[in-house]
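The values are calculated or read from the model by the stated rules, or taken from the named source; none is laboratory data. As the structure is a computational prediction, the values presented were derived from the model and not from experiment. Methodologically, a virtual Cβ is constructed for each residue, glycine included, from the backbone with ideal geometry; neighbour enumeration extends over all protein chains shown.
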Amino acid sequence: MRIQYCRNCLLPSTKPDLSLDNDGVCSACNAYINRKEIDWESRKVEFLELVEKYRSKNATNWDCLIPVSGGKDSTAQVLKILELGLNPLCVNATTCDLSQIGRENIENIKSLGVDYVEFSPNKLLRRKLNRFGLETVGDIAWPEHLGIFTIPVRAAVQFKVPLIVWGENSQNEYGGPAAAQGSPYLNRRWLEEFGGLLGLRTSDVAEIMNVPENQLIPYTYPSDGELEEAGITGIFLGHYFPWDGLSNYLLAQANGFKSYGRIVEGSAVDYENLDNHQHGIHDYFKYLKFGYGRATDLVSMHIRRGRLTRDQGLKIVIENDGMYPREYLGKPLERILDDIGMKLDQFEQICEKFTNRALFQQENGRIKRNQHGTPIKVNYDN
Ligand SMILES: [Zn+2]
């Protein structure tokens, strides 16, 4: 098969939830184009009114809760909320394999002058879940994707902070069904539909893995009753203020955020996905399954904003996308796998199982690879 690409950016039609219109332009580009129609001044007013409604009136509670990873976006989120004069409670769900630079950036957010809760789910179970996610749905990051959405909401219920301020709606930046793009709210429905859970529910996992359900508390969304009682509302900051990863990075960097200093393996920049050594495996599987990687996502965002031409972007994608994850943030693959009790040959078999062979060139039944070990695609452009 030939892969169809957006005529404006470089996202492929094989990307889940992405659609190309009759002119061959993708839903992420159209969402970006539509942003020009948005009256950001009135959105800002809307945001301030909302915050006023929820903020603590008698100094007995935090004004809002910010889910933070420690990355450039959450650093910028915290700075913006502080700038508005609010007193946030920051909640961090520890990543599956936290890197040293990720740790430093978490400590940096703490030093910005906020209260900060770090929640680390049971590590022994976490490793089993990483392995299970990789084996069953080809996503090592399954528990992390779930935890970053469930843990802050649980914390909001626990600490009785009703307003949760998320960052960008990924459906908007990366192109999802139009219905989800215009919504300012992140709720259970959004999570189930777009949270990247790949149809795997926590209750199924408990049963298949024979894990008592109470061990999966951190990965379980609070009940409707609990949410109602605490009056929880989750909103996307990106709905009220124009969102841009590079501006967030510049703002974060000016406030102590550290970047990697060279291009992150398989990526196109040095300033994001710095907090988990497993990101490389996650991105590689995306490439094997759908024929695009992190470099495509990043380059496409810059093309949309006129910072790169499509041709310049394409060169970067060919060079960096889908790189075999020999190491990530300097940690060798064998050691990353060792932590989840997996050997290299088992990993290779799982790669094989999840590779969509129709997307790659083959020779004598074997997938052709370039000098970096990256599977070579059937086509890189229309
Ligand atoms: Zn596009």
- line: If we ask which residues in the range 1-11 are within 10 Å of the ligand (Cβ to nearest atom) and in contact with a helix residue (DSSP H, G or I) (Cβ under 7 Å, 6 or more places away or on another chain), their number turns out to be 5
message: Can you find, within the range 17-44, the residue that is farthest from the ligand (Cβ to nearest atom) among those that are over 30 Å from Leu84 (Cβ atoms) and surrounded by fewer than 13 Cβ atoms within 10 Å (Cβ to Cβ)?
response: Asn22
message: When you check Asn273 against the structure, is it within 16 Å of the chain's Cα centre (by Cα) and either aromatic (Phe, Trp, Tyr) or modelled with pLDDT of 95 or more (or both), yes or no?
response: no
task: Considering only the range 41-85, state which residues are closer than 26 Å to Asp270 by Cβ and assigned to a loop (DSSP other than H, G, I, E, B).
output: Ser69, Gly70, Gly71
- request: Select from the range 86-103 the residues that are over 12 Å from Val153 (Cα atoms) and either within 16 Å of the chain's Cα centre (by Cα) or part of a loop (DSSP other than H, G, I, E, B) (or both) and list them in ascending order.
  value: Leu86, Asn87, Thr94, Thr95, Cys96, Asp97, Leu98, Ser99, Gly102
- request: Among what's in the range 207-228 and is without any contact (Cβ under 8 Å) to a residue 40 or more places away in the chain and under 25 Å from Asp63 (Cα atoms), pick the residue that is surrounded by the fewest Cβ atoms within 10 Å (Cβ to Cβ).
  value: Gly225
task: Just need a number here: residues in the range 136-168 that are within 18 Å of the chain's Cα centre (by Cα) and not in a loop (DSSP other than H, G, I, E, B).
output: 16
- prompt: Taking Gly133 and the conditions (1) over 18 Å from the mean Cα position of the chain (by Cα); (2) more than 18 Å from Pro88 (Cα to Cα), which numbered condition does it fall short on, given that it satisfies the others?
  reply: (1)
message: I'd like to know if the range 277-293 contains one or more residues that are within 20 Å of the chain's Cα centre (by Cα), modelled with pLDDT under 95 and β-branched (Val, Ile, Thr).
response: no
query: What is the number of the single condition among (1) crowded, with 24+ Cβ neighbours inside 10 Å; (2) touching a Ser or Thr at 6+ places or on another chain (Cβ under 9 Å) that Ser300 does not meet?
result: (2)
message: Looking only at the range 362-382, filter to residues that are among the polar types (S, T, N, Q) and surrounded by 14 or more Cβ atoms within 10 Å (Cβ to Cβ); which one of those is nearest to Thr14 (Cα to Cα)?
response: Asn379
field: Output for the range 248-281, where each listed residue is buried (at least 16 other Cβ atoms within 10 Å of the Cβ) and out of contact with any helix residue (DSSP H, G or I) (no Cβ under 9 Å at 6 or more places or on another chain)
entry: none
message: Quick check on the range 57-76. Is at least one of its residues touching a strand residue (DSSP E or B) at 6+ places or on another chain (Cβ under 9 Å), more than 16 Å from the ligand (Cβ to nearest atom), farther than 30 Å from Gln253 by Cβ and of a type outside the set (A, V, I, L, M)?
response: yes
